[in-house]
Amino acid sequence: MSNSLKNQQNILQKLSIEKLNPMQEEAQAVIRSCSEIVLLSPTGTGKTLAFLLPIIAELDAEYTEIQALIVVPSRELAIQIEQVIREMGTGYKANAVYGGRSGSKDKIELKHPPAILIGTPGRVADHIRRENFSLENIKILVLDEFDKSLEVGFEAEMSEITSALPHIQKKILTSATNKVVIPDFVALKDPTYINYLEEGVPHLKIKTILSPTKNKLETLAKTLYQLRNQQGIIFCNFKDSIQEVSDFLIDKNINHGCFHGGMEQKDRERALIKFRNGTYQLIVTTDLAARGIDVPEINFIIHYQLPPRNHEFIHRNGRTARMHSEGTAYILHWEKEYLPVYVPETASYRAEEIDDEFTPAATIWETLFISGGRKDKISKGDISGLFIKQGNIEKHHIGIIELKQDCAFVAVQASQVDKLIQKIDNSRLKKKKIRVNII
């Protein structure tokens, strides 16, 4: 067995992935053999891993400067890719830079350059202007979800970045839509296309729930009652709508979080952490969460409001029925409204036909914040060891642990939280005195 194949098998094992899907297999072969690649595949089909595996295979362990630059449209996607690279356990350093985070923090990390730098267009362009890292050894450029970057108005920064890199040997562009024309500044001469968009999402069902009133809140509640505490995403078009839905869900004692561009970065990150670890069963969001964020396999999404365009509808639906899983997209539709032309014919149900005799379950998990992380040499094993030995709780009381550079977040069964905090707050973990509290 070749070293590269053995390394790949080790990586997949660490990520708990049995085998690559056909798109990922083809992408690997094409990216290794071609210099310009455009990868088109639906949201949720594993594009990140498809380009990371061949990139890592091409990195040179002898270089001490950045070798690959990945430009992404959102902070959440930057953080997600950085996390995936860490979980791959290849030994190559990766750092994410993005707006809303301290520039001085970036500068400290870039003093010891990563092999792979991930960043949003504005922040990457700013670092290039300030000459905060060397461009000489950057041979690979990835524009991930490039259509979104163009859509949100990063053309100037993206043009600045692409023209500043003198020695690019490989360009990889990815998207979940083919609606955007690739601009001239990307300077593609003869790209090879890998197009899986026609494959669609085979395990996705779409259903319409008819609301008797223009205000669809009661129809939303009935739909959620029918779904019986499954994990899902509710999509709205505006921040005001999110607030209205959230207030209603609070009144109904339905556990949920919110996620939108008007929130502080820290609050957005924490909302996703609590959704991933099961503290939140639902998240109410705008199209910001339609792609480029790390969320678990979910059973359903609900279009509380339909988006204005078809590709946003597709991206939202791509949050469920990911890879080999099944999922359902529910459209809440007032009977007197016209459905947009892009909505396919679906099975329809009247809200009044839905059984709503149901009491929402109480929160099973709570999320604890720990004031120590990787830079303090703290591992996930250290945290669970402290919780079990000093906190005197059982292993099954501990859920997902997310370890960051300077802190950690741990899901703990709600019934154990108060007594656990009393026993471990202000205790020592490795050499650090840590604070522990609920977020």
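Would any residue of the range 39-64 have its amide N under 20 Å from a label point 7 Å out along Cα→Cβ of Ser16? List them or say none. Inside the label zone: 44-50. Only lysine pairs 8 or more places apart or on separate chains count here, and in the range 204-353 those with Cα atoms under 13 Å apart total 4. Distance between the pseudo-spin-label points of Glu345 and Glu155 (7 Å out from Cα toward the beta carbon): 4.0 nm. Starting from the Cα gyration tensor of the range 31-96, take the square roots of the eigenvalues, sort them a ≥ b ≥ c, and report rounded, prolate or oblate (rounded when a/c is under 1.5, otherwise prolate if a/b is larger than b/c, else oblate). Oblate, because a/c is 1.5 or more while a/b does not exceed b/c. Across the range 221-238, computed HN-Hα scalar couplings (Karplus, 6.51 cos²θ - 1.76 cosθ + 1.60, θ = phi - 60°) run 4, 4, 5, 5, 4, 5, 7, 6, 6, 6, 8, x, 10, 10, 9, 10, 9, 9 Hz from first to last residue, x flagging Gly and Pro. Pairs of Cα atoms nearer than 8 Å and 6+ residues apart set the relative contact order; for the chain it is 15 percent.
Backbone amide hydrogens, once placed in the peptide plane, bring Ser427 within less than 5 Å of Ile434, excluding anything fewer than 5 places away on its chain. Averaging 1/r over every pair of different alpha carbons in the chain and inverting the result gives a Kirkwood radius of 23.3 Å.
When each of Ser175, Ser149 is scored by the number of other beta-carbon atoms lying within 10 Å, the sequence from fewest to most is Ser149, Ser175.
Loop sites by DSSP among the GluC sites (Glu not before Pro) of the chain, restricted to those with at most 12 other Cβ atoms within 10 angstrom, leave 137-263 as the longest stretch without any of them.
Once the chain from Glu297 to Lys111 is taken as fully extended at 0.36 nm per residue, the excess over their C-alpha distance is 63.3 nm. What the phi angles of the range 297-308 give under the Karplus curve with 6.51, -1.76 and 1.60, with θ = phi - 60°, is a coupling list of 4, 10, 7, 7, 10, 10, 8, 5, 10, 6, x, x Hz, glycine and proline written as x. In straight-distance terms, cross-link reach from Lys111 covers every one of the lysines whose alpha-carbon lies under 21 Å from its own, apart from those fewer than eight places away in the same chain; here that gives Lys93, Lys139, Lys375, Lys377, Lys404. Using the Cβ of Ala361 as centre and a radius below 13 Å, the other residues enclosed give a net charge of +2, where K and R count +1 and D and E count -1. Near Thr192, the amide H atoms lying under 5 Å from its own belong to Glu36, Ile37, Val38; only residues 5 or more places off or on other chains count, and H is placed 1.01 Å from N. Shown in residue order for the range 67-82 are the 3J(HN,Hα) couplings computed by the Karplus curve 6.51 cos²θ - 1.76 cosθ + 1.60 at θ = phi - 60°: 10, 9, 10, 10, 9, 10, x, 9, 4, 4, 5, 4, 5, 4, 5, 4 Hz (x for Gly and Pro). Under a straight-distance cross-link criterion of Cα-Cα below 20 Å, which aspartates and glutamates are reachable from Lys380, leaving out those fewer than 8 residues away in the same chain? Partners within reach: Glu82, Glu87, Glu269, Asp294, Glu366, Glu394, Glu402, Asp406, Asp425.
For Ile298, the residues 5 or more places off, or on other chains, whose built amide H falls under 5 Å of its own are Ala321, Arg322. The alpha carbon gyration tensor of the range 204-353 gives principal lengths a ≥ b ≥ c with a/c below 1.5, which makes the shape rounded. Its Cα gyration tensor gives the range 3-199 an equivalent ellipsoid, and the semi-axes of that ellipsoid, as √(5λ) in whole Å with the largest first, are 24, 21, 16. Over all other residues within a Cβ to Cβ distance under 12 Å of Glu264, the charged ones net out to +3, with Lys and Arg as +1 and Asp and Glu as -1.
Here Lys419 is the anchor, and the lysines within straight C-alpha reach of less than 17 Å, apart from those fewer than 8 places off in the same chain, are Lys389, Lys395.
Read-outs: derived from the displayed coordinates by stated rules, not from any lab. Please read all numbers here as calculations on a predicted model, not as lab measurements. Glycine also receives a Cβ, built like all others from the backbone with ideal geometry; neighbour counts cover every protein chain displayed.
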